[in-house]
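To keep things clear, I will list the structure first and then write my remarks on it.
Read the figures in this text as sums done on the coordinates, not as results from a lab. It should be emphasised that the depicted structure is a prediction, and the values quoted were computed from it without experimental measurement. Quick reminder, even Gly has a Cβ in these numbers, built from the backbone with ideal geometry, and neighbours come from all protein chains shown.
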Amino acid sequence: MAGAFRVSCLLVLFMVLITVGFGQELDPFGPQGGRRREMVPAMFIFGDSLIDNGNNNNLPSFAKANYFPYGIDFNGGPTGRFSNGYTMVDEIAQQLGLPLIPAYSEASGDQVLHGVNYASAAAGILDITGRNFVGRIPFDQQIKNFQTTLDQITGNLGADDLATAIGRSIFFVGMGSNDYLNNYLMPNYNTKNQYNGQQFADLLVQQYTRQLQTLYNLGARKFVIAGLGVMGCIPSILAQSPAGLCSEEVNQLILPFNENVKRMLNNFNANLPGAKFTFVDVHRMFQDILTNSPSYGFSVVNRGCCGIGRNRGQITCLPFQTPCINREQYIFWDAFHPTEAVNIIMGRKAFNGEQTFVYPVNIEQLANLE
C-alpha cells in the first residue's frame, strides 16, 4: 500500500514538474530568498559515502552515518551524510540554485521535483565491492532505481517533455573509491591476486563505460564525473603506517583509473550524440588543498576530527563520540571522509573553477550549454 501511495505521489508531482519545466520555475524561497534561480531542472546523483545522504539508513548495513556526531554542523542534525555537515553535491546543488537533493529512500512530496540522490555508502562500480559492510546499493542497482523513477512516470506523461527535462538535468556520478578501499586493498578479497593495478583499472572502467552508457540511453546528457582523490593520504591509510605517512603505493594504484576515466569521457564527448561529459579532477583538487592547507585555513591535515586510534583513523567515528571543536581547521572529518569545509571548497571549484580542476567545462558552464 505504501509503495502504491509513493508511486501515485510521484505521478502527480511529475505532472506538475513537466507543466512548470521540471522544477525550473519553482522557487519556494521567492525573489528575496537565499537561493539563486534554478540553472537546471534537476540533479540526479550516483555514488558512494562521499555523497550518500541517507540511502543506507534503513539497510542492514554497517556503513551508516545516521547518528551523532555525524551532522553536528548540519541543519537538522544527522541525516546519513558521512560528514559533519554538507557534502560536495550539497554545495553544488546550492550553487545551481537547487534545494538539497533528497535521498531516493526518503524522497517525498515536492522534494523529488529537483532530482534524487541514489548514492550509497560502501557501493562500488563492481557489485561485489563493499560486501564487508553487508547492505549497500552498487552502481548497477542505483541505475535501476533511477530507471524505476522514470518507469513510474513515463507512461502517464508526455515522453518528449520528460526527455527534454532529463536531457537538461545534471547527472553527477562519483564512483570507484570503494572498489579500491573495500575490494582491491581488502585482504579477504582475491582481487589483488587476479589483477595488477592497470588491469584492475581497465576492468573497472570497462564496467563504468557500460553503466554510464546505460544512463545515456535513459536520456541523461549532461554528466559530471568525479575522479578519485589522494586516497593514500586519508587517515585510514595513514594509520597503517607506523610513521603516519601517506602510502605512495595506494596513491600510484589509483592513477590508472583516473587516466582511464579521462579517456572514456573524451571518447563519450566525441562519439555520443548530444552528450556533454565533464571531469572533476578530485585528485588535483585534494592535492592542492593538502599542499596549500594554510592558505585554505586548515591546520590539521593528517588525522580525523572524529575517530579512534592512530591518526583517528583506525576506528571511524562512533555514536555520540565527542569530535574536535575546531572542525573548520580539519581537512578530514573521519577515517575516510573530508570535513564540510573541504566539501564546500571542492564543490565550488567543481562549479566555477578553472580547467586545472574541472574540464573541458565547469558545472556552471555545463548547466548553461544548450
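Once you put a point 7 Å from the Cα of Asn292 and another 7 Å from the Cα of Asn352, both along the Cβ direction, what distance in nm separates them?
Roughly 1.7 nm, to one decimal.
Taking 0.36 nm per intervening residue step and subtracting the Cα-Cα distance, what contour gain separates Leu255 from Asn271 on full extension?
Fully extending the segment from Leu255 to Asn271 adds 3.3 nm.
Ignoring everything except DSSP H segments at least 4 long, calculate the 222 nm mean residue ellipticity for the chain; use -39,500 (n - 2.57) per segment, divide by total residues, nearest 500.
Using -39500 (n - 2.57) per qualifying helix, the result is -11000 deg cm²/dmol.
Can you tell me the 0 to 90 degree angle between the C-alpha axis of helix 159-168 and the longest principal axis of the chain, rounded to 10?
Approximately 40 degrees, to the nearest 10.
Running a GNM on the chain with Cα contacts under 10 Å, which residue among Asn188, Asn132, Asn84 ends up with the highest mean-square fluctuation?
Asn188
For helix 340-352, report the angle its Cα long axis makes with the longest principal axis of the Cα atoms of the chain; keep it between 0 and 90° and round to the nearest 10°.
That helix lies at roughly 50 degrees to the long axis.
Assuming a ≥ b ≥ c are the square roots of the Cα gyration tensor eigenvalues, decide whether the stretch 44-83 counts as rounded (a/c under 1.5), prolate (otherwise, with a/b larger than b/c) or oblate.
Oblate.
Roughly how big is the stretch 38-368's charge dipole about its Cα centre, with Cβ charges of +1 (Lys, Arg) and -1 (Asp, Glu), in debye to the nearest 20?
It works out to roughly 460 debye.
Starting from the amide H of Asn84, placed 1.01 Å from N in the peptide plane, find each other amide H under 5 Å away whose residue is 5 or more places distant or on another chain.
Hits under the 5 Å cutoff: Gly71, Glu340.
Find, to one decimal place in angstroms, the Kirkwood hydrodynamic radius of the stretch 123-229, where the mean of 1/r is taken over every pair of different Cα atoms and then inverted.
Hydrodynamic radius (Kirkwood, Cα pairs) of the stretch 123-229 is 15.3 Å.
Extending each Cα 7 Å along its Cβ direction at Val301 and Asn75, get the distance between those two points in nm, one decimal.
Taking the two extended label points, one gets 3.3 nm.
Give me the one-decimal nm value for the distance between modelled label points at Lys192 and Asn66, 7 Å along each residue's Cα-to-Cβ direction.
Taking the simple label geometry, Lys192 and Asn66 are separated by 3.4 nm.
Grab the eigenvalues of the alpha-carbon gyration tensor for the stretch 38-368, scale each by 5, take roots, and send me the semi-axes largest first in whole angstrom.
Those come to 29, 22, 20 Å.
Counting other C-beta atoms within 10 Å, and keeping those with at most 11, which DSSP coil chymotrypsin sites (Phe, Trp or Tyr not before Pro) do you find in the stretch 284-370?
Of the chymotrypsin sites (Phe, Trp or Tyr not before Pro), the ones in loops of the stretch 284-370 whose Cβ has at most 11 other Cβ atoms within 10 Å are Phe320.
Hey, what do the phi angles of the stretch 46-62 turn into as Karplus ³J(HN,Hα) couplings, whole Hz, using 6.51/-1.76/1.60 and θ = phi - 60°, x for Gly and Pro?
With the stated coefficients, the stretch 46-62 comes to 10, x, 10, 5, 5, 9, 4, 10, x, 5, 8, 4, 9, 8, x, 9, 8 Hz.
Report the local net charge at Tyr216: Lys and Arg +1, Asp and Glu -1, summed over other residues whose C-beta lies under 13 Å from its C-beta.
It works out to a net charge of +4.
Could you work out the relative contact order of the chain, using alpha carbon pairs under 8 angstrom and six or more residues apart, expressed as a whole percent?
17 percent
For the stretch 249-278, run through the chymotrypsin sites (Phe, Trp or Tyr not before Pro) and keep only the ones in DSSP coil with at most 16 other Cβ atoms within 10 Å of their Cβ.
none
What whole number of Å gives the distance from the Cα centroid of the stretch 184-223 to the Cα centroid of the stretch 64-121?
26 Å
Along the charge dipole of the stretch 38-368, which of Tyr70, Val116, Ser177 sits closest to the positive end, that is, farthest toward it, with unit charges on the beta carbon of Lys, Arg, Asp and Glu (+1, +1, -1, -1)?
So the residue furthest toward the plus end is Ser177.
For helix 255-271, what angle does its Cα long axis make with the longest principal axis of the chain, in degrees from 0 to 90 and rounded to 10?
The angle comes out near 20 degrees.
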